[in-house]
1. Scan segment B:433-471 for residues that are hydroxyl-bearing (Ser, Thr, Tyr), without any contact (Cβ under 8 Å) to a residue 60 or more places away in the chain and under 17 Å from B:ILE507 (Cα atoms) and jot them down.
2. Which of the helices (runs of 4 or more DSSP H) found entirely inside segment B:43-128 contain at least 2 residues meeting this: at pLDDT 95 or above and crowded, with 22+ Cβ neighbours inside 10 Å?
3. Can you name the residue in segment B:427-454 that is at pLDDT below 85 and closer than 19 Å to B:PHE590 by Cβ and, of all such residues, is surrounded by the most Cβ atoms within 10 Å (Cβ to Cβ)?
4. Do we find that A:SER11 is under 10 Å from the mean Cα position of the chain (by Cα), within 14 Å of chain B (Cβ to nearest Cβ) and hydroxyl-bearing (Ser, Thr, Tyr) in this structure?
5. Given the options A:ILE75, A:ILE68, name the one that is in contact with a Lys or Arg (Cβ under 7 Å, 6 or more places away or on another chain), crowded, with 17+ Cβ neighbours inside 10 Å, away from chain B (no Cβ under 14 Å) and among the hydrophobic types (A, V, I, L, M, F, W, C).
6. Only residues in segment B:67-86 that are touching a residue at least 12 places away in the same chain (Cβ under 8 Å) count as the first member; pair them with residues that are among the basic types (Lys, Arg) and in a helix (DSSP H, G or I), Cβ under 7 angstrom, at least 6 apart or cross-chain, and list the lot.
7. For B:ASP351, indicate whether it is buried (at least 21 other Cβ atoms within 10 Å of the Cβ) and among the acidic types (Asp, Glu).
8. Condition first: at the interface with another protein chain (Cβ under 9 Å from one of its Cβ atoms) and over 10 Å from the mean Cα position of the chain (by Cα). Now tell me which residues in segment A:42-55 satisfy that.
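The values are calculated or read from the model by the stated rules, or taken from the named source; none is laboratory data. In this text the structure is predicted, and so the values were computed from the model without any measurement. Cβ atoms come from the backbone with ideal geometry, glycine included; neighbour counts cover every protein chain shown.
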Amino acid sequence: MKNLSIQERMSEVFRDVLDNDAIILTRETTADDIEEWDSLSHITIIVAIEKEFNVKFNLSDIKPLRNIGEFEDLIVLKTGIKG
Amino acid sequence: MTNYFTYPLNTTGLLRKKRALRRDLLSNRKDLDDKRIAILGGSTTAEVRDMLELFLLHAGIRPVFYESEYNRYFEDVMFPESGLKDFRPEIIHIHTTNLNIRRFPALNESCEAIEELLADEMNRFSGLWERIEQDYGCPVIQNNFELPHYRLMGNLDAYDRHGRTTFISMLNHRFAEEARKRKNLYLNDINYLSAWFGLERWHDRLFWHSYKYAMNYEAIPLLADSIASIIRSIYGKAKKCLVLDLDNTLWGGVIGDDGLQGIRIGKETPEAEAYTEFQRYVRELKERGVLLAVCSKNDEANAREGFTHPDSILSADDFAAFIANWDPKHENILRIAETLNIGIDSLVFVDDNPVEREIVRAQLAEVTVPELGSDIVKYIDILDKTGLFETVSLSADDLQRNMFYVANTERAKQQEQFASYDDFLRSLDMVAEIAPFSTLYLDRIAQLTNKTNQFNLTTRRYTLAEMAAMSCDQNRITLYGRLRDRFGDNGIVSVMAGIIKETELHIELWLMSCRVLKRGMEAAMLDSLVERAKTRNLSGIVGYYYPTAKNGMVKDLYAEMGFRQLTDTIDIGTAWYLDISENCSKKNTFITVTP
């Protein structure tokens, strides 16, 4: 686990939550690129990411995310882990 | 897979892997029961639905869901043009929380005004329940209320009439009163659940403001587990028997090595106290109607000696089955199921030894084996929070059940002394009370109908309300049978029901508790049914047998009772005919029937 990058760990969460092993995230990936990523599964993803990285997002964190790159930056900011 | 569904729940895993878990559960289990379940929410319910589906699939129930639009629980019930009517729910869950309380008392309101407010709130809910009873007659699983997120008056909130804490407590109290009165109302106790989970975490304001979830996302698996426990219990899928290891499970130490003086039980050490507390919990389960059995690798004499310890709460007599030997435990567990005449899937096996747990899991997939760990202070939580023995009502039979089985053991001893089995049956002085369903016994009749799997010709399940309706139906003949003998009262042990079509009675229900197998009770029941059919001028009885995984023991019953098999095929199973117009001889010889 330790050797995986943040993006790889995020990909793993997305694969589990959306039950799709083919998912590979890039910084440019958005909800439009992944069919199963709808508003309901988004909530499950947020919670699973919190657990995966042991962080808690606050109200202002969650709103403005536009793509995986911004999501990753947020995790780096919250955890101090290097991407 | 099992460890996702026993306490402590792996909530993170359940939420993150729910889609894969669902796929696995659907492909692993065959004989699933389909149920139509409506979730009527006062807040977002999507995750409640997903989690409830997992827990129900795990229990052998495949739900089809109806979900109200966001916060339309009231409208869906009250205005029949909603889709709820077409859905024809078999169970309705009303998922409301304190966020759905319309108004709390204002600080300047009078006592009378507050009382009125309380009555208004109650009327809104009781109106819902009343309407559901009228339109659907199905069970309602209603959340009570969790304590408030904040306390405007601090501690005073809990006792001043204007306090929200007080108001919620009073509502919960009235909900409980209603649930005691209404047969079809079951409370999902989120007041306890939220306290157990931790109110600070439960009230997740970010999830409320962002997604309109009324509780912490991670509390939802817990909530779903709780609802599923109630549903399991309504459909008679709760567990019946706790099978216990002895050494380091019911006392500390190894009786064979340490001797009676060496085992830890009593008040001498913290460890001994913890074992005493666990024994007390087990005995309380027994008093509530759960059967107990011992399954221990020990010499039997040593095993029994353990219970003679002066501080032992349990005694050897508390166990309906007691097996101590050196055979593999899964073989002994099968023997226990056989002795008690109950299905393997109604057993829960408790052992501190992870190897034994693993073997039993591998050999007997149907037996529930909680991940007990090896820390005695956690045993109670693990068993209690898994909700295995959830019950929706306590019938008089529950409180006496262990006595029935102990009496059975005595009967078995007697049997050995008789030359023939017939002699033995005659010696029992059996007296049966066989009569139409009566309101007094309806609880037990419904309970027996919904949990009997083996001696059950049709395996139809009915809610209490449906059975009440059957008992009043002029077109039906219904019977319950209660059997007493010189060792005691077996309680209500058999149920029959049939519907009249022209000149024939078609059997809808014929079932019997396995604790009175081979006593001739089935013959006495059939005789009574024939008699009643004759007084209604019917000419024949049509019986049906629908095979399931568990009712193989009755596949030849109709033939044995003199029915002839009908050649016209039915979808599944077999159909049989008994002509009662001519001389139809009585089948019962050993039981005196009253009234």
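1. Within segment B:433-471, B:TYR462, B:SER471 qualify.
2. In segment B:43-128, the matching helices (runs of 4 or more DSSP H) lie at B:46-58.
3. B:LEU428
4. Judged against the criteria, A:SER11 is a match.
5. Details: A:ILE75 fails: in contact with a Lys or Arg (Cβ under 7 Å, 6 or more places away or on another chain).
Exactly one residue qualifies, and that residue is A:ILE68.
6. Filtered contacts from segment B:67-86: B:GLU67/B:ARG49; B:VAL77/B:ARG131; B:MET78/B:ARG131.
7. Spelling it out, B:ASP351 is indeed buried (at least 21 other Cβ atoms within 10 Å of the Cβ) and among the acidic types (Asp, Glu).
8. Those that are at the interface with another protein chain (Cβ under 9 Å from one of its Cβ atoms) and over 10 Å from the mean Cα position of the chain (by Cα): A:ILE43, A:THR44, A:LYS51.
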